[in-house]
Amino acid sequence: MRWRVFLVFIVFFGGFLSAANAASAFGDPRSTALQYAMGALVEDGTSSYTNPAGVVQLRKREFHVSYRLGGEEPASLAAVYSEPDYGTGAGSLGVVRWMDADFAQTMLFYTAAYQVQERLRIGATVRYESQRDGYTLVSGDVGLQFETGTPISLGLVVENPLFYEFGETGVQLDPVLRPAVGVDFSPLLLGAELYQERLRIGAEYTVRDISLRGGMARDFDLAATTVSFGVGYEWEEWRFDYAYGDERHQVGLSM
């Protein structure tokens, strides 16, 4: 895999974009619309956002770019390049920037994924985050996907088993377990994931080239519920995505 060329691209792209603040969560429009509930079923290049193990299901090279704005948090711009498994595992390189006049932060990440057995996939993501006049740290996630031989699939992500800060930043990222379950009733996909005190649920229904998406998250600690929705459209080698959630709009393009 020609990672050197694409690493240069990612670093250049990350340095070129505007100022940012990474206090917000990051992800693509599909993940946003589904409330990040598809950890057991994700299968494209943007799986790095939800479950890194899903990247190994890629069948061709993929480039994705998305932009999100609205709400109280800064706008964000993300780009991801992914390659399928050519014998040494699948992988993704990406950059995310959160744009704000008062902050500047960049997140670079690399994902590697492998098909361990016929039904078992494993993946890992390493992230480098740097904020202007703020913290610099390295963190990572590990993910698993398991097919049961039925329409039901299982997923598990361990967030932040890797964490290292450069200097005294005052930032602490504790490990978090995210168990997930998915049901593939094609053309209907259903997913659920438990994230700390929050239950996430998502659904996607595809008719020909159009995918309709919706999600809901219930925070039991705050007794609050959030909803999201979105749509995707595929045309030849292109996929256009839109999502709305948390008072933010997000658009994406994959090719």
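Bear in mind these aren't lab numbers, they're just calculated from the coordinates by the rules spelled out. All of these numbers come straight from a predicted model, not from anything done at the bench. Because the Cβ atoms are built from the backbone with ideal geometry, glycine has one as well, and the counts that use them run over all protein chains shown.
Would you mention how many residues in region 108-131 are in contact with a Phe, Trp or Tyr (Cβ under 7 Å, 6 or more places away or on another chain) and either under 19 Å from residue 66 (Cβ atoms) or in a loop (DSSP other than H, G, I, E, B) (or both)?
Result for region 108-131: 4.
Could you look through region 37-92, keep only residues that are β-branched (Val, Ile, Thr) and in a helix (DSSP H, G or I), and pick out the one that is nearest to residue 244 (Cα to Cα)?
Applying the filter and picking the extreme gives 46.
Just to be sure before I move on: is residue 203 of a type in the set (A, V, I, L, M) and surrounded by fewer than 16 Cβ atoms within 10 Å (Cβ to Cβ) in the structure I sent?
Considered against the rule, which asks whether it is of a type in the set (A, V, I, L, M) and surrounded by fewer than 16 Cβ atoms within 10 Å (Cβ to Cβ), residue 203 comes out as no.
For region 183-255, which strands (runs of 3 or more DSSP E) that fit wholly inside it have 1 or more residues that are among the aromatic types (Phe, Trp, Tyr) and more than 25 Å from residue 155 (Cα to Cα)?
Output list reads 224-235, 238-245.
Scan region 86-117 for residues that are without any contact (Cβ under 8 Å) to a residue 12 or more places away in the chain and not hydrophobic (A, V, I, L, M, F, W, C) and jot them down.
The answer is 87, 117.
Do the conditions hold for residue 150, that is, is it exposed (fewer than 14 other Cβ atoms within 10 Å of the Cβ), under 13 Å from residue 35 (Cβ atoms) and out of contact with any Gly (no Cβ under 8 Å at 6 or more places or on another chain)?
So residue 150 does not fit the description; no.
Looking only at region 153-192, filter to residues that are touching a residue at least 60 places away in the same chain (Cβ under 8 Å) and charged (D, E, K, R); which one of those is farthest from residue 124 (Cα to Cα)?
Among residues in region 153-192 that are touching a residue at least 60 places away in the same chain (Cβ under 8 Å) and charged (D, E, K, R), the one farthest from residue 124 (Cα to Cα) is 184.
Take the conditions small (Gly, Ala, Ser) and either surrounded by fewer than 18 Cβ atoms within 10 Å (Cβ to Cβ) or in contact with an Asp or Glu (Cβ under 7 Å, 6 or more places away or on another chain) (or both) and apply them to residue 182. Does it pass?
So residue 182 does not fit the description; no.
Could you pull out the residue among 36, 67 that is in contact (Cβ under 8 Å) with a residue 60 or more places away in the chain, closer than 22 Å to residue 255 by Cα and surrounded by fewer than 18 Cβ atoms within 10 Å (Cβ to Cβ)?
Of 36, 67, the one residue that is in contact (Cβ under 8 Å) with a residue 60 or more places away in the chain, closer than 22 Å to residue 255 by Cα and surrounded by fewer than 18 Cβ atoms within 10 Å (Cβ to Cβ) is 67.
Please verify whether region 73-88 includes one or more residues that are of a type in the set (D, E, K, R) and surrounded by 24 or more Cβ atoms within 10 Å (Cβ to Cβ).
No.
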